[in-house]
Amino acid sequence: MIKVDRVDEGLPISVIVPLSKNRRNFFENYVLPLIEANNPVEIIVNDDEGRAPKKRNDGFKKSTQPFLFFCDDDILLPANYLESLYNALQKNPDAGFAYTGYQGIVLHPESHPMHGNFSIPSVDFNISILRRGNYISTMTLVRRELFPGFDENLKRLQDWDVWLTVVKNGSRGVLVPNLSFFAYYLDSGITSNTNNEIDAINAIRIKHNL
């Protein structure tokens, strides 16, 4: 089921969440209140069966706002996070998306590639670096008219594909420095070794002629 909640006033942002049923309690108790505190006009939660890319795309079809923020169900946002990203895009009208670094909290280090907590301090936008590998997370604010959709045929790295596509279509990203969110890895999840990372990277390289 896709649940859509709207308020009359707030930031013109649709927050779209692909919810896993086994994370519902964590999401409702911790993640959702912080999304609400960020004051978006629209919050869309998709808990249908299926992979996250399809759930994000289906949530997008229900959205109405000019800015999109795809938020995983294990993400804790600072209270000013969405406003900071929104302000960055207002100040940079030629930028298609705004992003930050993040902190990873790993509860099962034995099954996670990083084997423990980690920090991803993102860097200023650079197309050459982006073409070599992804450093921009899914939790990024993007202009609706530039969003190409998540490629449901890719096994991993769908966010990298999105940002490469947006850039290929003539836009760029902008970093919001000194800001980050917390990503809680509650289980092995999509960043485990379930899908081969080398195969996933090669699929992106072939698609984008890298």
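The values are calculated or read from the model by the stated rules, or taken from the named source; none is laboratory data. Quick caveat: nothing in here was measured; it's all calculated off a predicted structure. Here the Cβ is made from the backbone with ideal geometry for all residues, glycine too, and neighbour counts use every protein chain on show.
Scanning region 167-183 for residues that are under 20 Å from A52 (Cα atoms) and either among the aliphatic types (A, V, I, L, M) or at pLDDT 95 or above (or both) yields F181, A183.
Rundown of residues vs (1) closer than 18 Å to F70 by Cβ; (2) at pLDDT below 90; (3) out of contact with any Leu (no Cβ under 9 Å at 6 or more places or on another chain), yes/no style:
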{"site": "F147", "(1), (2), (3)": "yes, no, no"}
{"site": "D151", "(1), (2), (3)": "yes, no, yes"}
{"site": "D159", "(1), (2), (3)": "yes, no, yes"}
{"site": "E197", "(1), (2), (3)": "no, yes, no"}
{"site": "H208", "(1), (2), (3)": "no, no, no"}
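Within region 49-62, the set of residues being surrounded by fewer than 22 Cβ atoms within 10 Å (Cβ to Cβ), in contact (Cβ under 8 Å) with a residue 40 or more places away in the chain and not charged (D, E, K, R) comprises A52, N57, F60. For first residues located in region 151-167 and crowded, with 19+ Cβ neighbours inside 10 Å, partners that are charged (D, E, K, R) and not in a helix (DSSP H, G or I) and lie 6+ apart or on another chain with Cβ distances below 9 Å form the pairs Q158/D151; Q158/E152; D161/D151; V162/D151; V166/R143; V166/R172. Residue count for region 123-139 satisfying the condition of being β-branched (V, I, T) and buried (at least 20 other Cβ atoms within 10 Å of the Cβ): 2. If you go through region 6-23 and keep only what is free of Cβ contacts under 8 Å to residues at least 40 places away in the same chain and at negative phi, you end up with V7, D8, E9, K21.
Residue check: is L186 modelled with pLDDT of 95 or more and among the aliphatic types (A, V, I, L, M)? Considered against the rule, which asks whether it is modelled with pLDDT of 95 or more and among the aliphatic types (A, V, I, L, M), L186 comes out as no. Screening region 1-107 for helices (runs of 4 or more DSSP H) wholly inside it with 2 or more residues that are small (G, A, S) and under 14 Å from the mean Cα position of the chain (by Cα) returns the ranges 52-62.
Count of region 25-58 residues, restricted to those that are within 21 Å of Q158 (Cα to Cα) and of a type outside the set (G, A, S), is 13.
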